[in-house]
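The values are calculated or read from the model by the stated rules, or taken from the named source; none is laboratory data. No experiment lies behind these values; they were computed from the predicted model shown. Cβ sites come from the backbone with ideal geometry, for glycine too, and all protein chains shown count toward neighbours. All accessible areas refer to the heavy atoms of the entire protein, side chains included, with ligands and DNA or RNA removed. Shrake-Rupley method; radii C 1.70, N 1.55, O 1.52, S 1.80 Å.
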Amino acid sequence: MEDDIVNLIVLGVLSRTTVFLLIRKTFSKRSFDFCNRIVSTIHATLAVILASRSVEDWGCPVCPLASKPSLKQRQTLAVTIAYLLYDLICCLFDERVSLDNTVHHLVSIVGIGAGLAYQKCGSELVAALFISEISSPFLHARELLKELRYRDTDLNLAADITFAVIFSLARMVGGPYVTFVTLSVNNPILIKAMALGLQLVSAFWFYKIVKMVKYKLTRGKKKVVSSPLHSGKLN
């Protein structure tokens, strides 16, 4: 891995930590998770922009396959590793440690790191990054809204549905395709294992999201049925 990429990773971890501390100081009454999610939202937006700018051919976003990452792709992947390292460390100081999120971060760090070390799989890794992050701003928005006292509102439900739709399309349509092409070409076994592992994590999250949406919609219907208007108890 080149020195400039290593330096970019170190700078990325330090800059995200600094931004988090500034946000924590600014929103001192908000929770640790709230401040961290603001940093995560900033990163997700930046990652999608960088991934889009580094695509070499929009006619085939994952082409050329099993190729050496371009400079833009290496920088995009380095920025992402920096965030994953920051967030992995940050989550250790939170009250709740998510096992599936920790596994996701570790697998991603190893996979992207392998791509940079082997100088392979640039297009596939950037495509996977785009797919992984495109739904993240909406994921964090739904949690931020809850802390801002918009839980169980139409706005929060809209954020939930938007996140669920984008996640499902990206991870369960685009994800399997990127996984397939990554496994089908001459990529290092470590990168192939990462691709498969991330798709399995995505499938597990998809299952949880389906349950969440089903619960939200079912609860909404129950509220309508039990409202005074429907029960004939308006005074």
What relative contact order, as a whole-number percentage, does the chain give when Cα pairs under 8 Å and 6 or more residues apart are counted? 22
So what's the gap between the Cα centers of segment 99-161 and segment 23-41, to the nearest angstrom? 17
Can you give the extra length, in nm with one decimal, that the chain gains between residue 7 and residue 71 once fully stretched, where that is 0.36 nm per residue apart less the Cα-Cα distance? 21.6 nm
If you add up the charges near residue 122, with Lys and Arg at +1 and Asp and Glu at -1, over every other residue whose beta carbon is less than 14 angstrom from its beta carbon, what do you get? +1
Got a number for carbon plus sulfur as a percent of segment 3-218's accessible area, 1.4 Å probe? 69
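Pairs to check: 29/216; 25/146; 120/192. Give those whose C-alpha atoms are more than 18 Å from each other in this structure.
Pairs exceeding 18 Å: 29/216; 25/146.
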For the chain, diffusion coefficient by Stokes-Einstein and Kirkwood Rh (Cα), 20 °C, 1.002 mPa s, µm²/s: 112
Any idea what the alpha-carbon Rg over 2.2 N^0.38 Å comes to for segment 148-219? 1.42
From largest to smallest, what semi-axes in whole angstrom does segment 40-171 give when each is the square root of 5 times an eigenvalue of its alpha carbon gyration tensor? 28, 18, 11
Answer with one residue from 99, 184, 111: the one whose Cα lies farthest towards the positive end of the charge dipole of segment 3-218, charges on Cβ with Lys, Arg +1 and Asp, Glu -1. 99
For the chain, what is the calculated [θ] at 222 nm in deg cm²/dmol (nearest 500), taking -39500 (n - 2.57) for each run of four or more DSSP H residues and dividing by its residue count? -25500 deg cm²/dmol
Can you list the aspartates and glutamates whose alpha carbon sits under 16 Å from that of residue 208, skipping same-chain ones fewer than 8 residues off? 100, 143, 160
In the Gaussian network model of the chain, springs joining C-alpha atoms below 10 Å, which of 86, 118, 215 carries the largest mean-square fluctuation? 215
Spin-label model distance (nm) - residue 186 vs residue 151, 7 Å beyond Cα toward Cβ: 5.5
Label point at residue 106 placed 7 Å out along Cα→Cβ; residues across segment 71-93 whose backbone nitrogen lies under 13 Å: 88-89
